[in-house]
Amino acid sequence: MEKLLVETPGSTYPVFIGEGIRNNCAELLQPLLSKKSKALIITDSHVNTLYGEDLETNLNSMLPTTLFTIPEGEQSKSIEAYENGLTACIEANLDRKSVIIALGGGVVGDIAGFIAATYMRGISFVQVPTTLLAQDSSVGGKTGINHRLGKNLIGAFHQPEAVVYDTLTLATLSDKEWRSGFAEMIKHAYIKDPEFLSWLKDNVTCMEDMKKNGLLQFLKRSIAIKADIVKEDEKEAGIRAYLNFGHTLGHALEKVSGYGHITHGEGVAAGMIFAMRLSNHLELAHWDIDIEKRWLENLGYPVHAASMQSPEALISAMKTDKKTTAGKLTFVLAEKPGFPFLQTVDESDVLFLLKAEKKERDFL
């Protein structure tokens, strides 16, 4: 088992990474749980069938524990599901010394964290991620839900008190889910660790490579990159915004295509390539787009996803991005690996490139 510490101005918490460790949650979390009155596990319908009962039994050995289930999928990051979660807290008689346990992927972590952040003005919560994508979202304290007009527009910063990441849960994931999570690891390398990026390009040419080439070390390095950024900028006042590399277009793709039709990681991968194109177009970088695109395409990412959608619809969706200020589109661009920056971009430049991608696809 590996253990990392995430430090922020307001808190320090452990991240445990290892095989089978969810079965020892009560023991790992004993210092925290011994001070709590009761626990509520929030999970989704799919994860519940795999791990819900076992975790509930394990935690009940330490304190009274109940379980609340939401439907599987991005659609559950909704105001309705959020209200249902609050109702579950009230019906379970949670008090200010209770703890919420988020068991699942990024959707569960986001909504459970937001419920914890707002129930009784904030109670403790613990992340128990079960997907590769959630290795990213479980660290850093971003919680929230979607609005019909945009992704992650409602939320709060609320750090977990611990993260327990059992890598055995990844065995049940499809290649599509592996790919979605790996995109965030690639993003971390692009913005912060060129050496790690170079190693990934040389050693990971398919998802099977990812699964067998030192997964534990991949996770540790990726989480450490994010932890370093969060330590310096907990609430995205500065460099933490760089973690949104690929997300401006990525979130727009998720919304325009219909939540669930394209995974978060697939959107981010397409968004990273677009950000590189935009960096070149604005003469702020000299990326070899073909090389970067070929690697991601070989891994199965739909890097041309934007060409399948209306440029105007994507622009409209991007205007609801949380980095947008006074109606101006703001992107995380990069001069080269390890050198990201924020850039306000004219809508005309973005529209030009989106239309160019569409023409390129039509030509092919």
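The values are calculated or read from the model by the stated rules, or taken from the named source; none is laboratory data. Only a predicted model underlies this, so the values are computations on that prediction, with no experimental measurement involved. Cβ sites come from the backbone with ideal geometry, for glycine too, and all protein chains shown count toward neighbours.
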Notebook entry, point to check: When you go through (1) of a type outside the set (D, E, K, R); (2) within 18 Å of residue 341 (Cα to Cα); (3) surrounded by fewer than 21 Cβ atoms within 10 Å (Cβ to Cβ) one by one for residue 309, which number turns out not to apply?
Noted result: (2)
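Out of the residues in region 70-84 meeting the condition of being without any contact (Cβ under 8 Å) to a residue 60 or more places away in the chain and buried (at least 21 other Cβ atoms within 10 Å of the Cβ), tell me which one is nearest to residue 125 (Cα to Cα).
70
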Item checked: Residue match in region 306-325 (condition: assigned to a loop (DSSP other than H, G, I, E, B), within 16 Å of the chain's Cα centre (by Cα) and hydroxyl-bearing (Ser, Thr, Tyr)) -> no
Next item on the list: Select from region 326-341 the residues that are surrounded by 15 or more Cβ atoms within 10 Å (Cβ to Cβ) and of a type in the set (A, V, I, L, M) and write down the one among them that is nearest to the chain's Cα centre (by Cα).
Entry: 332
Notebook entry, point to check: For region 6-29, how many residues are part of a helix (DSSP H, G or I) and either over 18 Å from residue 170 (Cβ atoms) or of a type in the set (A, V, I, L, M) (or both)?
Noted result: 4
Next item on the list: Determine, yes or no, whether residue 187 is in the same structural domain as residue 302 (by TED's automatic domain parsing), within 18 Å of residue 246 (Cβ to Cβ) and more than 21 Å from the chain's Cα centre (by Cα).
Entry: no
Note to self: Restricting to region 157-191, give me the number of residues that are farther than 19 Å from residue 2 by Cβ and charged (D, E, K, R).
What the structure shows: 5
Note to self: List the helices (runs of 4 or more DSSP H) inside region 30-97, counting only whole elements, that have at least 2 residues being touching a helix residue (DSSP H, G or I) at 6+ places or on another chain (Cβ under 6 Å).
What the structure shows: 53-60, 79-91
Check: Looking at this structure, is residue 314 under 30 Å from residue 195 (Cα atoms) and at pLDDT 80 or above?
Finding: no
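Here's the yes/no breakdown for (1) under 14 Å from residue 162 (Cβ atoms); (2) within 22 Å of the chain's Cα centre (by Cα):
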site: 6; (1), (2): yes, yes
site: 38; (1), (2): no, no
site: 44; (1), (2): no, yes
site: 53; (1), (2): no, no
site: 59; (1), (2): yes, no
site: 69; (1), (2): no, yes
site: 74; (1), (2): no, yes
site: 77; (1), (2): no, yes
site: 84; (1), (2): no, no
Item checked: Failed item in (1) touching a residue at least 60 places away in the same chain (Cβ under 8 Å); (2) of a type in the set (Gly, Ala, Ser); (3) over 20 Å from residue 242 (Cα atoms), with residue 338 passing the rest -> (3)
Margin query: Would you confirm, using the coordinates I've provided, whether residue 118 is under 15 Å from residue 79 (Cβ atoms), part of a helix (DSSP H, G or I) and more than 15 Å from the chain's Cα centre (by Cα)?
Written below: yes
Note to self: Residue pairs, Cβ under 6 Å, 6 or more apart or interchain, first in region 39-58 and over 18 Å from residue 87 (Cα atoms) and touching a residue at least 24 places away in the same chain (Cβ under 8 Å), second part of a helix (DSSP H, G or I) and of a type outside the set (Gly, Ala, Ser). List them.
What the structure shows: 58/25
Margin query: Looking only at residues that are assigned to a helix (DSSP H, G or I) and small (Gly, Ala, Ser) in region 262-299, which one is surrounded by the fewest Cβ atoms within 10 Å (Cβ to Cβ)?
Written below: 279
Item checked: Which numbered condition residue 259 misses (of (1) at pLDDT 90 or above; (2) of a type in the set (Ser, Thr, Tyr); (3) outside any helix (DSSP H, G or I)) -> (1)
